Amino acid sequence: MDYSTTYFNKPLGGLTYQDIVDYFVDAKEESIKIEFKAFSARYGNFTENLNGVIRGICAFLNSEGGILIWGAPEGVQPQGQPNKVFQGTLSPLTELKEKDWLINKISDLITPLPVGIDVVILQNATSIVYIFEIQPSNYSPHQFKNTYWARLDGQTRPAPHYLIEALFKRIRYPNIEGFIKPEEIAHNGVNYFLDITIFIFNFTPLQNEENISFRLMCQQGIFSRSQDPNFTHMYLYDGHQLIFKDFIDVLHFGAPNMHRERLVFNPHELSSKYGNKVKFLLSFGGKHSPLKTSSYSLDFGKIDWNKAIEPNYLFTKIEENVLSADKQKELGATREDLLRNILKR
């Protein structure tokens, strides 16, 4: 759900600091899908203020998702009215944190591990506002500091027992996540060689997953083991696709299962045909979990042979752990499109 467009008529990545200033020209009230957090010394230091933000994010995960603005005006309770209104001057932060730092901090403090959280950082000189967009979670209920939170009557409150019970009953599948890590890049004067590790995690406590399988496609390179007669059954499309049908029987919470592969690239073909651009598409799932994809783009034109170990700097785009159903929806793919492409009708 694009909550940012609903409230600001812009996607999250297109917002500016002035958009938030303009938004609060008129008085606003919180709702089940939007929450305003001022930054104030009255609420403690940065960490204590951030705890309030994470509590709100946890509530959105357990509810219908929404937008949280950190740096909003302070709320005022009009006489005779039940709800606070927020209007006028923002209460911005002055401490800048990187997006990855914020997401990692949130992920560390909310259990089970949340997904579907995005943040944009808006600046005006030394004034900073953080806008969080949260999708409703398929893995709720989530906790923050041993408490389940939810959006109730437009406020973040401890979730009542009946709601927690309903959320637990709603869980139907574990949260499986897959990643690719480039380990080392080398050459022998003829070909490039890229060693990678594939990681598959289960991030749902107390719920194991079974019969994990995955596929990895790379049109620009060939899996080196595809040339070995003992392993040819695992590879398709002339060695460009790896299919691991029985990767893990049971995947427990926390500890990842790993698989190493080496890919071979022809430098001349890579340059002339693909402009030195390499793409990976990892698809994975299990008996009870829906299919997800993680996709990666790399630029081999940036190779620095002094950095042969962990060549993460080659990444130009990473999109991880996207539900295939959401990806098709994003691309506008319909049932008819899918059948037409497969059946060539």
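The values are calculated or read from the model by the stated rules, or taken from the named source; none is laboratory data. Remember, it's a predicted structure, so these values are computed and weren't measured experimentally. Glycine also receives a Cβ, built like all others from the backbone with ideal geometry; neighbour counts cover every protein chain displayed.
Here are the numbers:
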{"quantity": "Filter result (over 16 Å from G66 (Cβ atoms) and buried (at least 17 other Cβ atoms within 10 Å of the Cβ)) within the stretch 22-45", "calculated": "F24, A38, F39"}
{"quantity": "Residues (more than 16 Å from I106 (Cα to Cα) and in a helix (DSSP H, G or I)) located in the stretch 36-71", "calculated": "A41, R42, Y43"}
{"quantity": "Scope the stretch 122-168; condition of a type in the set (G, A, S) and at positive phi; matching residues", "calculated": "A125, G154"}
{"quantity": "Subset tally (residues that are in contact with a helix residue (DSSP H, G or I) (Cβ under 6 Å, 6 or more places away or on another chain), touching a residue at least 40 places away in the same chain (Cβ under 8 Å) and farther than 30 Å from Y192 by Cβ) for the stretch 241-292", "calculated": "0"}
{"quantity": "Residue match in the stretch 13-25 (condition: closer than 22 Å to Q143 by Cα and either in a loop (DSSP other than H, G, I, E, B) or assigned by TED's automatic domain parsing to the domain that holds F132 (or both))", "calculated": "no"}
{"quantity": "Residue match in the stretch 83-106 (condition: closer than 30 Å to K169 by Cβ, free of Cβ contacts under 8 Å to residues at least 60 places away in the same chain and in contact with a strand residue (DSSP E or B) (Cβ under 7 Å, 6 or more places away or on another chain))", "calculated": "yes"}
{"quantity": "Which numbered condition I164 fails, given (1) modelled with pLDDT of 95 or more; (2) of a type in the set (V, I, T); (3) not assigned by TED's automatic domain parsing to the domain that holds D299", "calculated": "(1)"}
{"quantity": "Any chance S127 is in contact with a Leu (Cβ under 9 Å, 6 or more places away or on another chain), closer than 15 Å to D19 by Cα, hydroxyl-bearing (S, T, Y) and surrounded by fewer than 18 Cβ atoms within 10 Å (Cβ to Cβ)", "calculated": "yes"}
{"quantity": "Pairs with Cβ under 6 Å, 6+ apart, first in the stretch 216-240 and under 17 Å from L270 (Cβ atoms), second among the basic types (K, R) and not in a helix (DSSP H, G or I)", "calculated": "S224/R262"}
{"quantity": "Any hit, the stretch 52-71, residues being in contact with a strand residue (DSSP E or B) (Cβ under 9 Å, 6 or more places away or on another chain), among the small types (G, A, S) and surrounded by fewer than 14 Cβ atoms within 10 Å (Cβ to Cβ)", "calculated": "no"}
{"quantity": "Subset of the stretch 278-319 that is assigned to a strand (DSSP E or B) and more than 20 Å from the chain's Cα centre (by Cα) - its residue that is nearest to N257 (Cα to Cα)", "calculated": "I309"}
